[in-house]
Structures are given as C-alpha cells and as structure tokens.
Amino acid sequence: MTAQTTRLQGRSALVTGAGSGIGRAICGRLCDEGARVACLDRDAAAAKATAEAIGRGAVPVVADVANTADMRRAVEEAVAAFGRLDIAVNAAGVGASARLVDTALETWQRVLDVCLTGVFVSSQAQARQMIAQGGTAVIVNIASTNAQQPGEGLAAYCAAKAGVEMLGRVAALELAPHGIRVAAVGPGLTDTPMVARLLADPVARDAFLDNIPLKRPARPEDIAAAVAYLASDDAAYVTGQTLYVDGGASMQRYPSLAARKPSAPAA
Ligand SMILES: NC(=O)c1ccc[n+]([C@@H]2O[C@H](COP(=O)([O-])OP(=O)(O)OC[C@H]3O[C@@H](n4cnc5c(N)ncnc54)[C@H](O)[C@@H]3O)[C@@H](O)[C@H]2O)c1
C-alpha cells in the first residue's frame, strides 16, 4: 500500500526494530509520506537491508534498544544524518512462550529487557533530544493487544506490553509541557517472522482467526498506517492513547492454549 499524502514531509524519524516485520513496514510508510528515516536494528545486515530497500536517504543504525550507550549514540547518529528528531517509533520486540510455572528467569528477563526496558531506554534518549532541540515531536510505541488481553503462555510478554502502555502514558504526561506527544499502537496478530511458526500451524492459525472478527491477521502495513497517523499532525491532539489495530480481536476472548493444541504458541 502506498500512501498518497505528504503529511510527514521534512520530518526526521528513528524507527527501532526496523530490520523486520512491523518496524520495516513503518520505515517504508513514514518514508512514503515524506519523512527521512533512520532504520535501527541490532541486526546490522537487517538494518542495512531495510535502509537500502527504502532508499530516499534512509540510513541504517545498529544498536541494542536495551543498552543506554547504544541508544544515546543511535539518537546522535539520526540527528547527525537529519539535523533533528521529530518522530521516534519503538517497534523492537521479542516473543517467548512458556507457562508461568515453566518460565525460566532468563526468558522473563530477555523479554522484559527488550520489550519494556528497551522502550524505557529508547524513549528516554529520544525525549532528551526532543526536549533539547525544542518544537513539537512525537514518540509512538508498539504495544500489543496483549497489553490488555491476557494470553496463556505469555506471562512475560503480556506483562512487558502492559508496562509499555503505562510507561507511555506517564511519558505523555511528563512530555506534554515540552510539546512532545507519546502514543502507542496495539497490534493484534500480525503476519511477520515473529509469528511465522504460529501462522504455519493450521490448528493454531484457525484458533486465532476464529477470534478475529475481520478473519485475517494484520499485514505489517496495517500497523504502519496507524503509526503514520499518530506520527502526523492529524493526531496533533492525541497523546497518552493506544490505538488497537487488531481486526476486532480484543473484543473477543484470546485463544486458549487448549484451542491451540497440539502446537505450542509461537508469540
Ligand atoms: N507480529 C505480531 O503478531 C505482533 C503483535 C503485537 C505486537 N507486536 C509487536 O510488534 C513489534 C514488532 O514485531 P514483529 O512482529 O515485526 O517482529 P519481528 O521479529 O519480525 O521484528 C522484530 C525486530 O526487532 C529487532 N530487535 C529485537 N531485539 C532488539 C534489540 N534488543 N535491539 C534492537 N532491535 C531488536 C529484531 O532484530 C527484528 O528485526 C514488537 O514490539 C512486537 O512485540 C507484534
């Protein structure tokens, strides 16, 4: 889907998790709407591939979102490339699947580190730059329907995403006096490498599709369109909110592990 607007013309953006799936689609959409985009991923080859595929001045940035020194440098690189930071999108994330009683502490910490601490570290570095440069700016975090909707086998992921929503709401309050908005997009099941194993399994796929009124997973471009809206002046009066883009799934009951058997969930 190609955007027809130029509502992000002249804006500078930094997108984390840019090497794959949703983050990659966001980079493309922001660029289509006129933004210059720094494509950040911890996977150097993936960040480079996204930036090259987009062209139009997009630059790759290699960083771990949970590392404060990395994220300080990443923001500096984006500002060195484009002069300022108007839009930050925090899409980097990892999934893990285990029942609470079986979840290793290492698994819990890995998911919390990337999905929640990563958003804290990233938005802190981004907000410091946005405050210093002055003018309006926006941070969009990628949460999940799992911020509100519990899923069996997803304790770490659900807890992390609920934290992302609340962190963003606190940030929205604190940054509003500086002219900085903070919002989130909450995707439902989205066709990306993160859930490829789940979608390839007919039992699990049917359990999820049964739960989605619009009867298909999201495309990464569906999520990117919502991010572009929130990043634009069309959302100039929107802050502290999460926009769920889930085909209606959060109105239903999240599929149980039993409904997804015999396969284990992949996200
Ligand atoms: N796919 C879904 O069904 C779904 C649903 C709801 C929310 N989400 C969220 O959307 C976001 C994007 O997920 P996706 O489905 O595109 O996944 P993906 O696996 O396709 O892409 C995630 C990207 O993040 C990068 N990444 C991971 N850890 C990182 C780190 N520490 N530092 C920098 N980069 C890192 C990976 O290298 C990868 O390129 C995640 O936050 C995820 O939780 C996904």
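The values are calculated or read from the model by the stated rules, or taken from the named source; none is laboratory data. Everything numeric in this text was worked out from a predicted model, so none of it was measured. Methodologically, a virtual Cβ is constructed for each residue, glycine included, from the backbone with ideal geometry; neighbour enumeration extends over all protein chains shown. The area values use the complete protein model at the heavy-atom level, side chains included, leaving out ligands, DNA and RNA. Shrake-Rupley method; radii C 1.70, N 1.55, O 1.52, S 1.80 Å.
Quick notes on this structure:
- Hits in the stretch 167-181 - residues which are among the basic types (Lys, Arg) and either farther than 23 Å from ALA132 by Cα or outside any strand (DSSP E or B) (or both): ARG169
- Taken over the stretch 102-137, residues that are outside any helix (DSSP H, G or I) and either open to solvent by less than 20 Å² (accessible area, probe 1.4 Å) or aromatic (Phe, Trp, Tyr) (or both) amount to 1.
- ALA184 meets all of the listed conditions (1) more than 9 Å from the ligand (Cβ to nearest atom); (2) open to solvent by less than 10 Å² (accessible area, probe 1.4 Å); (3) assigned to a helix (DSSP H, G or I); (4) closer than 23 Å to SER97 by Cβ but one, namely (3).
- If only residues of the stretch 187-207 that are charged (D, E, K, R) and over 23 Å from ALA159 (Cα atoms) are counted, the one that is nearest to the ligand (Cβ to nearest atom) is ARG205.
- Identity of the residue in the stretch 208-234, open to solvent by less than 60 Å² (accessible area, probe 1.4 Å), in a helix (DSSP H, G or I) and without any contact (Cβ under 8 Å) to a residue 60 or more places away in the chain, that ends up nearest to the ligand (Cβ to nearest atom): PHE208
- Hits in the stretch 144-180 - residues which are open to solvent by 10 Å² or more (accessible area, probe 1.4 Å), among the hydrophobic types (A, V, I, L, M, F, W, C) and away from the ligand (no atom under 16 Å from the Cβ): VAL170, ALA171, LEU173, LEU175, ALA176
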